[in-house]
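Below is one structure, written out as structure tokens; comments come after it.
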């Protein structure tokens, strides 16, 4: 305890008598390093959260049910849906039937998925009907009406992802030709255009099940896939275990299974984050080491006198470690305040535009506390190395500066 008090006294006196410009520069450097340690992982976590939520809300729901084996459709889909909705973990469920493979407008055409939906239940599972930029959503009784994604229509917006591959100039009220799976081409009026801000979802088109049954009577009571939205507190795995008991011959996939290809994109982001984090920590170590080393060189005679009057080496070394902690904690504290109350709100109001949509910062307390501990450890080691070296010099050599 005596050594600790002596070390604290020496560190406090050194800080009070230090060059304030150097102290401010060191604190600023630690502040910037701490923010850099937080920023990229938070941005990557925001991108991951964006992908996960967009997959569930706009593309896959929580659980997707499709026929297993060689089957292509789910028969008696109506009664099956009733059973699914009655399970404890299901919040909503909807069935879709794949009806088309191509959309054309004038001389332009492309291959896109066209599904028949029940607008009411579809809107309970997915947010797509609420993301319209033109026209209106489908209603159950609509015929000869189609809902197109911005990735298909283009809607005269060159800045939209995938615009070059779209029909480019299609707007609500225009007429497009949809080629059915049977090969028949049917003309539809564009009821509305949606923009999910998620490329995988924006390349879809929808018509009503009522229209599909007119064009393909065999589609009545059948579904290509059933999408299930789970209740809060229910995991996808728990719901799958319940659903498997309702009917055999079905294949069950969760959003995590279907989103694996999309989420692979984040692996490269994580690698870049780790590299930059390592560089930031090296910069922190070099900063603390340099400041401590210069301070020790300039005070070598002073340290020799302290040792000559009986102060042991350990309190002197510890005082420099405490001084490094002070710089690190001052930078971390200021950096935390700036990141939490300035950087994060700024990015929230002006999100980054990633290929999968707008991304904000998602910071966790675990990440913040871990980076704090890592920086303290780095500062400790960077201050410890030159301090230990300085006290190994003979007392007379230190006093005489040799």
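Every number in this text was worked out from the coordinates using simple rules, so none of it is lab data. No experiment lies behind these values; they were computed from the predicted model shown. When we count neighbours, we look across all protein chains shown, and the Cβ atoms used for this are built from the backbone with ideal geometry, even at glycine.
Observations
- Cut-off 16 Å (backbone N to label point 7 Å along Cα→Cβ of residue 185), residues of region 100-124: 100-112
- As a rough guide to protection, the peptides 321-328, 113-120 ranked by mean Cβ packing within 10 Å, highest first, stand as 321-328, 113-120.
- Overall dimensions of region 70-248 by Cα: Rg and Dmax, Å: 16.7, 50
- Of 215, 271, the sequence from fewest to most neighbouring Cβ atoms within 10 angstrom is 271, 215.
- Gain on full stretching of the segment that runs from residue 28 to residue 247 - 0.36 nm per residue minus C-alpha separation: 72.5 nm
- Linear extension gain, residue 218 paired with residue 237, 0.36 nm per residue minus alpha-carbon span: 3.5 nm
- For region 111-170, Kirkwood radius (reciprocal of mean inverse C-alpha pair distance, Å): 12.6 Å
- Expressed as a whole percent, the proportion of Cα-Cα pairs in region 43-172 lying more than 25 Å apart is 36%.
- Protection proxy ranking, peptides 221-229, 123-131, average beta carbon neighbours within 10 Å, highest first: 221-229, 123-131
- Panel order for 231, 50, by other beta carbons found within 10 Å of each beta carbon, from fewest to most: 231, 50.
- Residue order, fewest to most surrounding Cβ atoms within 10 angstrom, among 278, 39: 278, 39
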